[in-house]
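The values are calculated or read from the model by the stated rules, or taken from the named source; none is laboratory data. Predicted model, so just to flag it, every value in this text is computed and none were measured. Every residue, glycine as well, gets a Cβ built from its backbone with ideal geometry; the counts of neighbours run over all protein chains shown.
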Amino acid sequence: MQVMLEKRKSRQSMSSSQREPQEMTAEHLGQLLAEVADTRSRRAFSELFRHFAPRLQSFATRQFGNEQTAMDLVQETMTNVWHKAHLFSPEKGSPTTWIFTIARNIRFDILRKNKHRQNDVSAEDLWPVLSEETSDSDEEFALDTKILMQEIGEYYLQLPDAQRIVVEQIYIEGKSQQEVSDALGIPLGTVKSRTRLALQKLRELISE
Amino acid sequence: MNKIKFHPSEELLVGYASGDLNPALTVVVGTHIDMCPRCRSVAEDIQNHMATRELHQSAPLAEPDLNSMLEHIMASESPIVRSAKVHEQVSLEGKVFKVPRSLGRHVDRLGPWSHMPGGLWRAPLELDADSRMNLIYMQENASLPEHTHRGSEATLVLNGVFNDEHDEYRDGDFIFLDEHKHHSPQTTDEDCLTLAYLDAPLQFTSGLARLLNPFSSLFFR
Ligand SMILES: [Zn+2]
């Protein structure tokens with residue numbers, strides 16, 4: 001009796017472990033990524049790794065036809081997952097898609113590595129997945145279309161000094177907001193708010 | 001924003017998502033996607049399908065290999081990801097044009113503007129050794145002489161309007177011409193900034209043909 005019970009138990013646990021891959025929902029995978037991000041959970045990462053590494057390996061082998069290159073892709077992709085899990089956000093897509101885009105980028109760079117120059121663009125420049133770009137609130141920053149500096153003309157001279165300097169550096173010298181922030185030694189957020197206020201003021205002045 | 005009339009083909013969107021277009025064409029398509037909610041959503045769908053399909057099958061990895069890689073990764077240093085500086089605009093002749101992020105990431109690579117006859121300015125954008133891409137600015141009443149190209153040409157309107165003998169093109173419109181099509185772009189009472197890509201006949205790297213086929217049934221009906 002005892003033996004039979006044991007047997008049944010082990011069969012159950014076996015079949016449930018075989019079913020597991022199908023039960024890996026996006027929610028569950030997302031939860032694991034969150035645990036890795038929040039608590040550096042080795043257990044959560046191991047589970048992600050056991051799910052994704054063999055799939056990435058299969059993908060990469062089909063792509064490269066070379067076992068070693070395929071293993072490199074798996075390792076590089078999962079290394080990024082371990083360190084950059086905080087960059088995953090469920091609003092932007094599923095965990096599988098996120099990890100696929102990391103692998104896609106690594107594949108792109110591997111395929112180009114040998115025949116191209118140092119200064120060439122990298123996959124991350126083309127499809128940023130892992131860079132922590134500051135996300136500018138583009139819309140409020142921009143004038144509706146292009147700005148004719150002649151049109152702004154003397155109006156910007158009427159701005160308060162703090163705003164005028166920012167506008168000059170951005171619209172006349174062509175600096176980015178980040179560069180202005182660096183040049184003036186003020187936070188990026190301050191540059192943004194001054195730009196926004198200045199553009200509001202300019203709109204009013206021009207339409208008067 | 002006005003409604004975009006001309007979009008990249010699904011073939012190009014698939015190539016964009018799979019990473020099989022060359023860098024220059026990737027930027028032209030990506031910049032259109034930034035400007036076009038419709039293509040953004042199609043490209044997301046394609047990427048999701050592709051991810052699910054490509055990561056569906058597991059390779060039988062040996063347990064010791066898995067374990068040693070896992071240990072190695074969890075003991076590793078965080079990789080340094082160099083992120084491109086995103087410019088929000090380009091300027092020319094005192095005019096400032098806002099550019100979408102997919103283009104703004106490469107503004108540091110923009111070469112000097114050169115003035116050409118007929119009210120045209122051009123600045124090269126070099127992403128790699130063999131990319132051929134330019135920003136082209138046409139002032140009012142400018143015209144590009146009729147031209148043919150050995151290869152394909154992709155043009156994206158960033159700001160303004162131009163027309164050729166076929167149609168009129170405005171912000172966000174993406175025009176793809178193969179080597180057999182001629183056209184003579186011109187502007188009338190508005191100026192126009194475009195991103196233009198030229199290539200030998202459209203070439204995809206190895207992976208795409210394979211990636212494309214399963215999608216044909218989904219997207220090319
Ligand atoms: Zn579109």
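Selection of the range B:2-17 for residues being more than 12 Å from the ligand (Cβ to nearest atom) and touching an Asp or Glu at 6+ places or on another chain (Cβ under 9 Å) yields B:2, B:14, B:17.
The single condition among (1) aliphatic (A, V, I, L, M); (2) assigned to a helix (DSSP H, G or I); (3) more than 10 Å from the ligand (Cβ to nearest atom) that residue B:29 does not meet is (3).
Going through the range A:25-46 one residue at a time, which ones are within 17 Å of residue A:100 (Cβ to Cβ) and surrounded by 19 or more Cβ atoms within 10 Å (Cβ to Cβ)? Answer for the range A:25-46, where residues must be within 17 Å of residue A:100 (Cβ to Cβ) and surrounded by 19 or more Cβ atoms within 10 Å (Cβ to Cβ): A:29, A:32, A:33.
Among the residues making up the range A:92-142, a single one is more than 8 Å from every other protein chain (Cβ to nearest Cβ), modelled with pLDDT of 85 or more and within 25 Å of residue A:192 (Cβ to Cβ): A:129. Taken together, the residues in the range A:73-99 that are touching a residue at least 12 places away in the same chain (Cβ under 8 Å) and under 28 Å from residue B:68 (Cβ atoms) amount to 17. Of all the listed residues (B:9, B:76), the sole one being polar (S, T, N, Q) and more than 27 Å from residue A:80 (Cα to Cα) is B:9.
With respect to the conditions (1) closer than 30 Å to residue A:43 by Cβ; (2) modelled with pLDDT of 90 or more; (3) more than 16 Å from the ligand (Cβ to nearest atom), residue B:24 lacks only one, and its number is (1).
Within this structure, residue A:80 passes the test of being more than 16 Å from residue B:18 (Cα to Cα), assigned by TED's automatic domain parsing to the domain that holds residue A:34 and crowded, with 21+ Cβ neighbours inside 10 Å.
For residue B:86, state whether it is away from the ligand (no atom under 16 Å from the Cβ) and surrounded by fewer than 20 Cβ atoms within 10 Å (Cβ to Cβ). The answer is no for residue B:86. It is to be established whether one or more residues within the range B:87-101 are facing chain A (nearest Cβ under 7 Å) and among the aliphatic types (A, V, I, L, M). The answer is yes; a qualifying residue exists.
Within the range B:72-81, restricting attention to residues that are within 7 Å of chain A (Cβ to nearest Cβ) and in a loop (DSSP other than H, G, I, E, B), the residue that is surrounded by the most Cβ atoms within 10 Å (Cβ to Cβ) is B:81. Filtering the range B:35-71 to residues that are surrounded by 17 or more Cβ atoms within 10 Å (Cβ to Cβ), within 11 Å of the ligand (Cβ to nearest atom) and either part of a helix (DSSP H, G or I) or within 7 Å of chain A (Cβ to nearest Cβ) (or both) leaves B:35, B:39, B:42, B:43. Would you confirm whether any residue within the range A:47-61 is farther than 15 Å from residue B:61 by Cα, within 10 Å of another protein chain (Cβ to nearest Cβ) and surrounded by fewer than 19 Cβ atoms within 10 Å (Cβ to Cβ)? Within the range A:47-61, none of the residues are farther than 15 Å from residue B:61 by Cα, within 10 Å of another protein chain (Cβ to nearest Cβ) and surrounded by fewer than 19 Cβ atoms within 10 Å (Cβ to Cβ).
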